[in-house]
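Here is the structure we will look at, set down as structure tokens.
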Amino acid sequence: MLAAADVQDGPDLARMRRDRYARVQAQLTTHDLDGLLLIGGSNVEYATGARVLTADAGRAAMFRTVAYVARDDPFPHVFAAYPEGLPAELPADHIHPVVYPELGIRPVGEIIGREKSVGLDEYTPAMWRELVGSRLVDFVDASPVMSAARLCKTVDELRCIRMAQHVNEQAMPDVEAVLRPGVRQTDLSGLFLRRIFELGATGNAVDPIWQVMPDRISDGPWTVHGDVAFPTATTDAMLRDGDVVWVDTGITFCGYASDFGRTWLVCAPPGPPRPTGAQLDQFARWRAVVEAVLDTVKPGATGGDLTRAARSVLPADARTPWLEHFYLVHGVGVDSAEMPLIGTDLGSAFDESIVLAPGMVLVLEPVIWDDGASGYRSEEIVAVTDSGWIPLSDHPYWPFGS
Amino acid sequence: MDPVVGPPVLAVRVVGSGVSGSSVGVAALEEGSRVDFARLRSSRHSRCLVAMEEAGLDVLILGRPGNIHWVSGARSLWTAGVRAFGPGAVVVRSTGAIHLLSVWDEGVPASIGRERLYGLSWNPVTLASSVAAIPGVAEAATIGTDAMSPLFASLLAAVAPRARLVDGAVPMWAARRIKSDDEVACLRIACALTEAGLDAMVSALRPGVRERELIGVFDERIASLGVTTPALEGVCCVAGADGQLRQVPGDRTLAAGDVIVLSPGALYAGYEGGLGRTWIVGPGDGGEAGGGEGGEGRGLADLYRRWRVAFDRLLGTCRPEETGANLVGAWTSTGERLPSIPLIHGVGVGVEPPVVGPARLGEDAVLAAGMVLSVQGLVSEPGVGTVFGRETILVGGMAGDQAEVLTRFGWGPLAAGGVGG
């Protein structure tokens with residue numbers, strides 16, 4: 001049975017790749033497909049373990065690694081943009097020259113063959129012209145296969161997430177230490193990014209967010225739904241005494257994402273910042289929501305059980321304790337937000353259909369908002385075990401509490 | 001709030017077009033010099049609508065962040081890598097309107113209009129309905145897209161049953177191909193940012209530093225200049241004597257005398273600057289990087305001279321009307337092997353076509369004045385090492401149709417002739 005100590009070690013990456021590939025194969029059988037053609041970065045990473053250069057969306061789209069997984073084939077076919085990133089166990093006859101899905105993909109069609117039913121995650125117009133639109137192969141949506149395979153993590157995946165989170169957390173005390181009037185958001189990003197690579201991060205997944213929150217929603221930014229705007233992109237904006245800063249960062253370790261969320265306060269020297277009574281009360285309510293949800297987390301509990309638990313500790317007329325465009329809970333893995341998603345606009349029936357199982361990873365991100373007095377938001381990550389959960393995050397709630 | 005649509009403002013390259021010494025900076029100046037972003041957005045909007053008309057597109061549904069950024073001018077959150085397809089922006093030709101998937105108006109140009117923002121949904125059916133509710137979509141006969149997923153294609157067929165789904169990527173590439181002066185100004189700033197980051201990386205080279213730490217050094221330097229959007233994690237890889245180029249940085253610890261390839265990039269307002277150099281790790285005691293010892297170092301200096309010859313031949317061929325095949329021919333005519341990586345790719349708001357390289361990749365591409373390219377070359381010799389270099393250039397930017405090299409950075413120990421000490 002999984003215990004907290006099990007995720008403290010480093011991952012066995014070769015075992016992790018074997019286990020993930022077996023899950024993909026099992027789902028191919030379950031969904032009765034002949035193969036899977038994958039061009040999405042996280043799907044390719046999961047199915048093949050091929051490392052790529054971290055880059056912005058434009059470069060990553062042009063210089064992609066592409067995978068074709070044939071049912072019962074012991075290895076995936078990989079069309080590698082970065083051959084040095086391929087796992088050592090991949091046999092030579094499964095390694096192919098790079099293809100450019102933005103421009104064309106003919107060699108992939110030759111590997112797939114004809115008259116098959118193949119899952120596909122997405123395609124470009126060039127792929128449509130040369131392959132998908134030809135109808136020689138019956139292409140269907142690959143997402144049921146991939147989300148089922150990716151939903152429950154192996155112990156090595158949990159170790160990667162734990163390590164990503166650990167590196168992310170270890171970088172934060174240095175950033176907290178420089179928080180004072182006149183420091184720019186981009187200064188915090190620079191310091192944070194240097195530290196994560198010193199501490200062993202594989203890459204950075206998202207431009208770090210240090211959003212200064214308004215007192216009231218009507219102070220802006222304007223939103224389509226009338227709820228709080230978050231997360232907005234970092235600029236060179238200067239922080240000021242009294243600012244409430246919502247922090248959200250995500251890095252990667254061996255392909256797996258962290259998710260660090262905290263609320264900070266800016267104050268003039270000598271500091272440290274002292275939350276007001278109202279702010280401490282927000283934090284207390286946030287904590288109560290997290291504790292109520294965690295008390296509910298165990299195999300067999302539904303997403304609906306979790307949302308009810310979150311609301312149960314607040315007055316009946318309280319705001320929903322999470323952002324309307326997001327969720328109470330999301331998963332994390334090779335994507336920074338993936339299934340299970342709980343509390344989204346997919347609705348309560350969808351939440352009820354989510355049944356927790358061992359290996360699922362839950363990122364809890366409740367939000368307490370008192371319009372006129374801003375709000376509190378932090379994030380905690382746990383993995384579901386056979387009987388409950390173990391933590392994957394471990395960081396104090398500076399400057400609100402330990 | 002109606003978008004102003006005029007004739008497309010295309011770049012007309014003027015030789016020596018007055019790039020002043022104050023132009024390469026990121027802060028706004030009170031007199032309004034530097035980039036005129038309103039003019040930049042208006043130009044791109046016009047070019048998009050012209051491209052739609054030429055391709056016969058009633059509606060354009062965009063999923064690629066580069067296209068969304070280019071057409072909308074919205075400053076969105078940078079995330080690494082490709083994301084799953086979603087309809088991030090919709091352009092309707094009949095109204096000229098740009099509709100944007102954004103929950104808030106922060107970072108969104110006012111000219112888009114709040115009423116043209118549609119919210120994020122985790123339910124693809126809801127998202128398809130949001131797209132269908134945009135005036136002009138339901139009755140569209142031809143919808144272009146730059147990417148698609150099987151699920152969204154079927155949802156779209158249900159909400160816009162009369163529409164034929166066609167290629168929206170090629171028209172967008174065409175619209176983005178020739179840069180306006182404002183776009184070139186952004187690219188110059190991006191190049192200067194990248195040079196600053198490369199300078200910090202070079203300064204950080206010493207024994208004991210790990211390859212991936214150099215990514216953080218680069219990121220911290222550009223952040224100190226107010227920008228936190230790298231184009232790539234910067235290829236900082238020790239190039240061994242095996243002559244193989246690695247591009248994905250790892251955990252290798254640098255040692256004195258190591259030859260390292262550095263090839264970072266940064267985005268300014270979405271526009272990508274990038275350059276690459278091959279450097280030598282110094283002893284770390286304040287002494288100059290002297291390069292490999294004795295014969296090995298001289299071997300590297302020879303490689304650099306060969307690289308220079310081949311790269312200059314390639315650069316000299318980057319002229320209007322030249323084809324991809326001619327560019328490859330220019331490189332191989334020097335006797336150098338064609339690298340396994342592309343010689344050339346377009347840049348603008350991130351990477352664009354053409355991509356020219358081995359296996360006849362991009363052989364039919366034709367260059368034109370006003371295109372901006374990342375040009376890279378590699379000369380390697382097993383047993384000796386590797387020399388890699390990259391520049392960002394503006395085709396037709398100089399007299400006589402010569403390209404203007406937008407990036408500037410020396411070659412340090414390799415060019416100093418001090419190799420081999």
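So the values come out like this:
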| quantity | calculated |
| --- | --- |
| Yes/no for residue B:329 being in a helix (DSSP H, G or I), of a type outside the set (D, E, K, R), at pLDDT below 95 and more than 22 Å from the chain's Cα centre (by Cα) | no |
| Residue match in segment A:264-273 (condition: farther than 26 Å from residue A:184 by Cβ and more than 14 Å from chain B (Cβ to nearest Cβ)) | no |
| When residues of segment A:196-207 are limited to those that are surrounded by 22 or more Cβ atoms within 10 Å (Cβ to Cβ) and at the interface with chain B (Cβ under 7 Å from one of its Cβ atoms), the one nearest to the chain's Cα centre (by Cα) | A:205 |
| Top-ranked residue in segment A:112-147 [being small (Gly, Ala, Ser) and in a helix (DSSP H, G or I); ranked as farthest from residue B:61 (Cα to Cα)] | A:147 |
| Residues of segment A:142-158 satisfying the condition of being facing chain B (nearest Cβ under 10 Å) and surrounded by fewer than 19 Cβ atoms within 10 Å (Cβ to Cβ) | A:144 |
| Every residue from segment A:334-368 that is part of a loop (DSSP other than H, G, I, E, B), touching a Gly at 6+ places or on another chain (Cβ under 8 Å) and crowded, with 20+ Cβ neighbours inside 10 Å | A:334, A:336, A:343, A:354, A:356, A:360, A:365 |
| Condition met for residue B:239 (over 16 Å from residue B:267 (Cα atoms), surrounded by fewer than 18 Cβ atoms within 10 Å (Cβ to Cβ) and either of a type in the set (A, V, I, L, M) or free of Cβ contacts under 8 Å to residues at least 40 places away in the same chain (or both)) | no |
| Residues (over 29 Å from residue B:240 (Cβ atoms), in a loop (DSSP other than H, G, I, E, B) and without any contact (Cβ under 8 Å) to a residue 60 or more places away in the chain) located in segment B:353-396 | B:360, B:362, B:363, B:364, B:365, B:367 |
| Qualifying position, being buried (at least 16 other Cβ atoms within 10 Å of the Cβ), modelled with pLDDT of 95 or more and more than 23 Å from the chain's Cα centre (by Cα), among A:313, A:290 | A:313 |
| Segment B:30-84: number of residues that are touching a Cys at 6+ places or on another chain (Cβ under 7 Å) and within 24 Å of residue A:39 (Cβ to Cβ) | 1 |
| Residue within segment B:95-113 that is closer than 30 Å to residue B:233 by Cα, away from chain A (no Cβ under 13 Å) and in a helix (DSSP H, G or I) present | no |
| Condition met for residue A:371 (over 15 Å from residue A:164 (Cβ atoms), without any contact (Cβ under 8 Å) to a residue 40 or more places away in the chain and in a loop (DSSP other than H, G, I, E, B)) | no |
| Qualifying positions in segment A:212-227 - of a type outside the set (Asp, Glu), crowded, with 17+ Cβ neighbours inside 10 Å and within 9 Å of chain B (Cβ to nearest Cβ) | A:221, A:223, A:224 |
| Residues located in segment A:291-331, provided they are within 30 Å of residue A:44 (Cα to Cα) and within 14 Å of chain B (Cβ to nearest Cβ) | A:303, A:325, A:326, A:327, A:328, A:329, A:330, A:331 |
| Lone qualifier among B:243, B:226 - being on the phi > 0 side of the Ramachandran plot and more than 11 Å from every other protein chain (Cβ to nearest Cβ) | B:243 |
| Residue pairs meeting the criteria (Cβ under 9 Å; at least 6 apart or on separate chains; first on the phi > 0 side of the Ramachandran plot, in segment A:59-84; second not hydroxyl-bearing (Ser, Thr, Tyr)) | A:72/A:25; A:72/A:28 |
| Qualifying residue in segment A:228-238 (condition: part of a loop (DSSP other than H, G, I, E, B), within 19 Å of the chain's Cα centre (by Cα), among the aliphatic types (A, V, I, L, M) and more than 7 Å from every other protein chain (Cβ to nearest Cβ)) | no |
| Which numbered condition residue B:185 misses (of (1) within 8 Å of chain A (Cβ to nearest Cβ); (2) more than 25 Å from residue B:254 (Cβ to Cβ); (3) not β-branched (Val, Ile, Thr)) | (1) |
| Elements of type helices (runs of 4 or more DSSP H) in segment A:1-95, at least 2 residues being touching a Lys or Arg at 6+ places or on another chain (Cβ under 9 Å) and more than 20 Å from residue A:126 (Cβ to Cβ) | A:13-30, A:41-48 |
| From the options A:250, A:242, residue that is more than 12 Å from chain B (Cβ to nearest Cβ) and either over 28 Å from residue B:209 (Cβ atoms) or touching a residue at least 60 places away in the same chain (Cβ under 8 Å) (or both) | A:242 |
| Verdict on residue A:247 being within 21 Å of residue B:103 (Cα to Cα) and not basic (Lys, Arg) | yes |
| Failed condition for residue A:133, given (1) within 14 Å of chain B (Cβ to nearest Cβ); (2) in contact with an Asp or Glu (Cβ under 9 Å, 6 or more places away or on another chain); (3) not aromatic (Phe, Trp, Tyr) | (2) |
| Pick from segment B:54-73, criterion buried (at least 24 other Cβ atoms within 10 Å of the Cβ) and among the aliphatic types (A, V, I, L, M), ranking: nearest to residue B:130 (Cα to Cα) | B:61 |
| Options A:125, A:101: the member that is within 7 Å of chain B (Cβ to nearest Cβ) and buried (at least 20 other Cβ atoms within 10 Å of the Cβ) | A:125 |
| Leading residue by the ranking (surrounded by the fewest Cβ atoms within 10 Å (Cβ to Cβ)) among those in segment A:31-49 that are within 10 Å of another protein chain (Cβ to nearest Cβ) and not β-branched (Val, Ile, Thr) | A:42 |
| Restricting segment B:194-220 to residues that are within 19 Å of the chain's Cα centre (by Cα) and crowded, with 24+ Cβ neighbours inside 10 Å, the residue that is farthest from the other protein chains (Cβ to nearest Cβ) | B:198 |
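The values are calculated or read from the model by the stated rules, or taken from the named source; none is laboratory data. All figures in this text were calculated on a predicted structure; none of them were measured in a lab. For neighbour counting, all protein chains shown are included, and Cβ atoms are generated from backbone atoms with ideal geometry for every residue, glycine included.
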